[in-house]
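**Student:** Here's a structure for you.
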Amino acid sequence: MTVESTAARTPRRSAGTKAGTTGTKRTTSTTKKAVGAKKSTEPALVQLLTPEGKRVKNAQFDGYVDGITAEELRGLYRDMVLTRRFDAEATSLQRQGELGLWASLLGQEAAQIGSGRALRDDDYVFPTYREHGVAWCRGVDPANLLGMFRGVNNGGWDPNGNNFHLYTIVIGSQTLHATGYAMGVAKDGADSAVIAYFGDGASSQGDVAEAFTFSAVYNAPVVFFCQNNQWAISEPTEKQSRVPLYQRAQGYGFPGVRVDGNDVLANLAVTKWALERARAGEGPTLVEAFTYRMGAHTTSDDPTRYRHDDERAAWEAKDPILRLRRHLESAHHADEGFFAELEAESEALGKRVREAVRAMPDPDHFAIFENVYADGHALVDEERAQFAAYQASFADEDGGK
């Protein structure tokens, strides 16, 4: 099965059951079934497009994408290409000193675009700091994203204008925000859903466990979308959980499903299904998008220190953009003219983003000391003076900077 629920679990035999009774036989039969179930080496994975671009059938989720048109497929491809392009530009800008930091989404485009395009306008999104593709789907200008990482704004967009909350840097806390918002949606009787994005590392946070508990108890219309990119900075997923992450939903009483995170169609279908459940009053769902972080955790990270090149190479063969391109070509849904035009559009986007960032003001280096205490504090004043002296040490002999 692709979806697991606690409703299917068999109660354990009570301590009072005697050997040789009918109850013992039922328990033995159940035990045999459980042992047989353990023989499965891989968790169920929803996949609609193979890495070679071949469309495969799935009885549960086909209905959510069977009617997709060639134009819509090209649109998904365009979304992924343009998202990857401005993400690459942002990484370059950080290396050139234009941004303080950048968290790349390289390799996760299908998970973000597929789920992002499954949303309705009235649904509400609570992202982390890496959901650049979802931001693109919600109409947030990439320049606003980069302004935050340059340090010249605190987000730069109105969350209510796009139903896309500001980026959350604190790991996992947005799942609680999403749950509370979803509970409010339910009380208002609104026909909309909420989605919260987080990573495999965040799944170990207490905030996420609390969000699961509250959402289950209050039947909140929320989808928990976990992008399992295999690495929580330098910690592999096997050090985060003894079971596949989607199975954690069982303990809270709602369904979980693992989807091929590099398959944009599968992410679109599964997210549509989960959102429909939420809107229908069926409560939360955990979606684990099984994908891979092709680049560094952020530009301050060096992944070569903790993972091997052959691992990356194996995932490159599952590239989400190449996968959809193969499908478009084999189905004759796109020609070379389309790809050439898109390449030109992507370069124009990179140029626009680059020029927008370079036109931004420099960040105020001393803003960090403001608004910490309402009436000021001696320690903050001391730290400000130390930082000012450090900054002054970079002045040249003529007094310039």
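The values are calculated or read from the model by the stated rules, or taken from the named source; none is laboratory data. All values derive from a computational prediction rather than experimental measurement. All Cβ positions, glycine included, derive from the backbone under ideal geometry; neighbour counts span all protein chains shown. What goes into the accessible areas is simple: the full protein's heavy atoms, side chains included, and nothing from ligands, DNA or RNA. Shrake-Rupley method; radii C 1.70, N 1.55, O 1.52, S 1.80 Å.
**Student:** Looking at Tyr373, Tyr390, which one is within 30 Å of Thr91 (Cβ to Cβ), modelled with pLDDT under 95 and out of contact with any Lys or Arg (no Cβ under 6 Å at 6 or more places or on another chain)?
**Tutor:** Result: Tyr390 is the single residue among Tyr373, Tyr390 that is within 30 Å of Thr91 (Cβ to Cβ), modelled with pLDDT under 95 and out of contact with any Lys or Arg (no Cβ under 6 Å at 6 or more places or on another chain).
**Student:** Can you confirm whether Arg312 is assigned to a helix (DSSP H, G or I), basic (Lys, Arg) and modelled with pLDDT of 95 or more?
**Tutor:** Against the criterion (assigned to a helix (DSSP H, G or I), basic (Lys, Arg) and modelled with pLDDT of 95 or more), Arg312 does not qualify.
**Student:** Tell me whether region 220-231 contains one or more residues that are in contact with a strand residue (DSSP E or B) (Cβ under 6 Å, 6 or more places away or on another chain), open to solvent by 10 Å² or more (accessible area, probe 1.4 Å) and either at pLDDT below 95 or part of a helix (DSSP H, G or I) (or both).
**Tutor:** Within region 220-231, not a single residue is in contact with a strand residue (DSSP E or B) (Cβ under 6 Å, 6 or more places away or on another chain), open to solvent by 10 Å² or more (accessible area, probe 1.4 Å) and either at pLDDT below 95 or part of a helix (DSSP H, G or I) (or both).
**Student:** Going through Gly295, Gly281 one at a time, which residue ends up being in a loop (DSSP other than H, G, I, E, B) and on the phi > 0 side of the Ramachandran plot? First the steps, then the outcome.
**Tutor:** Values: Gly295 fails: on the phi > 0 side of the Ramachandran plot.
Gly281 is the lone residue from the list that is in a loop (DSSP other than H, G, I, E, B) and on the phi > 0 side of the Ramachandran plot.
**Student:** Still on this structure, please answer the following. Let me confirm something: among Glu370, Glu383, which residue is acidic (Asp, Glu) and surrounded by 12 or more Cβ atoms within 10 Å (Cβ to Cβ)?
**Tutor:** Glu383
**Student:** Considering only region 58-67, I want to know if a residue exists there that is surrounded by fewer than 16 Cβ atoms within 10 Å (Cβ to Cβ), aliphatic (A, V, I, L, M) and at pLDDT below 95.
**Tutor:** No, region 58-67 has no match at all.
**Student:** Is it the case that Ala209 is on the phi < 0 side of the Ramachandran plot and open to solvent by less than 30 Å² (accessible area, probe 1.4 Å)?
**Tutor:** No: the conditions fail for Ala209.
Here is a yes/no grid of residues against (1) farther than 21 Å from Trp231 by Cα; (2) among the polar types (S, T, N, Q); (3) modelled with pLDDT under 95; (4) open to solvent by less than 20 Å² (accessible area, probe 1.4 Å):
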{"site": "Ala118", "(1), (2), (3), (4)": "yes, no, no, yes"}
{"site": "Asp121", "(1), (2), (3), (4)": "yes, no, no, no"}
{"site": "Glu131", "(1), (2), (3), (4)": "no, no, no, yes"}
{"site": "Gly139", "(1), (2), (3), (4)": "yes, no, no, no"}
{"site": "Asp158", "(1), (2), (3), (4)": "yes, no, yes, no"}
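**Student:** If you go through region 232-260, how many residues are assigned to a loop (DSSP other than H, G, I, E, B), closer than 29 Å to Ala296 by Cα and in contact (Cβ under 8 Å) with a residue 24 or more places away in the chain?
**Tutor:** Selection size over region 232-260: 5.
**Student:** Given the criterion aliphatic (A, V, I, L, M), assigned to a helix (DSSP H, G or I) and surrounded by fewer than 20 Cβ atoms within 10 Å (Cβ to Cβ), identify the matching residue among Ala269, Ala344.
**Tutor:** Numbers: Ala269 fails: surrounded by fewer than 20 Cβ atoms within 10 Å (Cβ to Cβ).
Checking each option against the conditions leaves just Ala344.
**Student:** Among (1) open to solvent by 10 Å² or more (accessible area, probe 1.4 Å); (2) touching a residue at least 24 places away in the same chain (Cβ under 8 Å); (3) charged (D, E, K, R), where does Asp263 come up short?
**Tutor:** (1)
**Student:** To continue, here is another question. Inside region 53-72, can you point out the residues that are part of a loop (DSSP other than H, G, I, E, B) and either farther than 23 Å from Asp319 by Cβ or of a type outside the set (A, V, I, L, M, F, W, C) (or both)?
**Tutor:** If the condition is that a residue be part of a loop (DSSP other than H, G, I, E, B) and either farther than 23 Å from Asp319 by Cβ or of a type outside the set (A, V, I, L, M, F, W, C) (or both), then Gly53, Lys54, Lys57, Asn58, Ala59, Gln60, Asp66, Gly67, Thr69 are the ones that fit.
**Student:** Of the residues Ala190, Ala143, only one is surrounded by fewer than 17 Cβ atoms within 10 Å (Cβ to Cβ) and farther than 24 Å from Asn267 by Cβ; which?
**Tutor:** Working: Ala143 fails: surrounded by fewer than 17 Cβ atoms within 10 Å (Cβ to Cβ).
Sole residue among the options that is surrounded by fewer than 17 Cβ atoms within 10 Å (Cβ to Cβ) and farther than 24 Å from Asn267 by Cβ: Ala190.
**Student:** Moving to a separate point now. Quick check, is Gly151 in contact with a Gly (Cβ under 7 Å, 6 or more places away or on another chain) and surrounded by fewer than 22 Cβ atoms within 10 Å (Cβ to Cβ)?
**Tutor:** Numbers: in contact with a Gly (Cβ under 7 Å, 6 or more places away or on another chain): yes; surrounded by fewer than 22 Cβ atoms within 10 Å (Cβ to Cβ): yes.
Against the criterion (in contact with a Gly (Cβ under 7 Å, 6 or more places away or on another chain) and surrounded by fewer than 22 Cβ atoms within 10 Å (Cβ to Cβ)), Gly151 qualifies.
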